[in-house]
1. Just to confirm the filter: which trypsin sites (Lys or Arg not before Pro) across the stretch 254-359 are DSSP coil and have at most 15 other Cβ within 10 angstrom of their Cβ?
2. Ignoring everything but the protein chains, give the 1.4 Å probe accessible area of residue 367 in square angstrom, nearest 10.
3. Can you give me the accessible area per residue for the chain, using a 1.4 Å probe, in Å²?
4. Counting other Cβ atoms within 10 Å, keep those with at most 16, restrict to DSSP loop, and tell me which GluC sites (Glu not before Pro) in the stretch 267-340 are left.
5. Go through 231, 139 and list them by solvent-accessible area, largest first, probe radius 1.4 Å.
6. Report for the stretch 290-375 the percent antiparallel among DSSP-assigned beta bridges with both residues inside it, nearest 5.
7. Can you list the trypsin sites (Lys or Arg not before Pro) in the stretch 74-136 that are in a DSSP coil and have 10 or fewer other beta carbons within 10 angstrom?
8. Just to check, using Stokes-Einstein with a Kirkwood Rh over alpha carbon pairs, what's the diffusion coefficient of the chain at 37 °C and 0.692 mPa s in µm²/s?
Amino acid sequence: MIATVLPPSAPLTGDLEPPSSKNFTTRYVLAACLAEGRSVVHRPAVQDDAVALVRCARDMGAEVTALDARGRPVDYTVENASQVDRLEIHGFGNHPRLLRADRPLNPGNAGAVFRMLLAVSALLPEVRWETDHADSLGKRPHGDLLEALRQLGVEVRAEGADGRLPIELRGGRDRIRDHVDRVRREQGLASDEPFPLTVSGEISSQYTSALLFLAPLLGFPIRLSVTGRLKSLPLIETTRRVLSAAGIEVESSNERDMHLVRSGQHYKARRWETNGDWPGAAAILAAAAVVPRSRIRIARLYDDEQGERECVPFFERMGCRITREENPGAGELLCLESPERLRAAAVNGDLCTDAVLAMEAAAACAEGTSRFVQIRNLQFKECDRVR
């Protein structure tokens, strides 16, 4: 056996630019695809999920062009991340002739991207979804979302009772409208009364987000009821914020278990500015937290709907000093100074799903027992993150 002794790291210092938010980028791009006209997404995240979304959006009829800072087209790939300045998008809007699926659609290993696009693809007469990640996304359940689409009259074929890929949908506006009209007659619902739709929130909030993106495209009002205990509530807030900015009003209960989307609404093309990514920043903050006397500053982190900002009070409870400083012309700087020793802390992991692993790494270096609760939904990601 060969053993290598690594000396302790010197304190980490410096100013950093975080990656852009994946969750905002994917929602901005999707909203732009569902709008008519030209949208621009500035400083988009360039990572696997966003790349998968752009690839599928192009296959569904959207025109998406990645440009560098000088306005020259570049390939939208992870390898080109440093070159991509913005995305220009001409969406397919709500036009049946523009939305298409000429071949099977492949979301790679991007679960949230797949689920949001799966709901939108119910507007197609026929579509097949498959993945080249059979041992990861191919094993994740989508049954609750598929059941909601069945309530709209969409015919579904999937692997297993829990709805695994590959998945085929037979939908389209005419099929959905005929089904909804028939249900209205059977249940005695008025033509202008919101159509009742239910979905479980027990496994993932992504099902709810997917249906909220679909609802304005249906042509009739929807009342979406979320059953069970809704997971990852901050991501629902992210979806609601993006929909509102895109011109879609969603009336939601305080508990976010009921959402009303009225008819006659249309996605609006616009310019989007992408905030820094709190999950990525959590990993940077964790690295500085575990090295005594570190002091780093991170730009473009705002108090937005990203639940992973919960890592800030967590690291503070561990003994880190976190403040904000002015950064003229570029927003605030989040500053972290680490102590000589970290102490154990507790956190509700359901509020900050994508930061939990980085926070656990820091907890492994802390004195005492740290507790992470409500993390069951981490078992249903691209892998079982808990194990």
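1. Taking the stretch 254-359 and a limit of 15 other Cβ atoms within 10 Å, the loop trypsin sites (Lys or Arg not before Pro) found are 293, 341.
2. 110 Å²
3. 45 Å²
4. Those satisfying the criteria are 326, 340.
5. 139, 231
6. Within the stretch 290-375, antiparallel bridges account for around 70 percent of the total.
7. Passing sites in the stretch 74-136 are 97.
8. 149 µm²/s
The values are calculated or read from the model by the stated rules, or taken from the named source; none is laboratory data. As the structure is a prediction and not an experimental result, all values here were calculated from the model. Methodologically, a virtual Cβ is constructed for each residue, glycine included, from the backbone with ideal geometry; neighbour enumeration extends over all protein chains shown. The accessibility values were calculated without ligands, DNA or RNA, using every heavy atom of the protein model including side chains. Shrake-Rupley method; radii C 1.70, N 1.55, O 1.52, S 1.80 Å.
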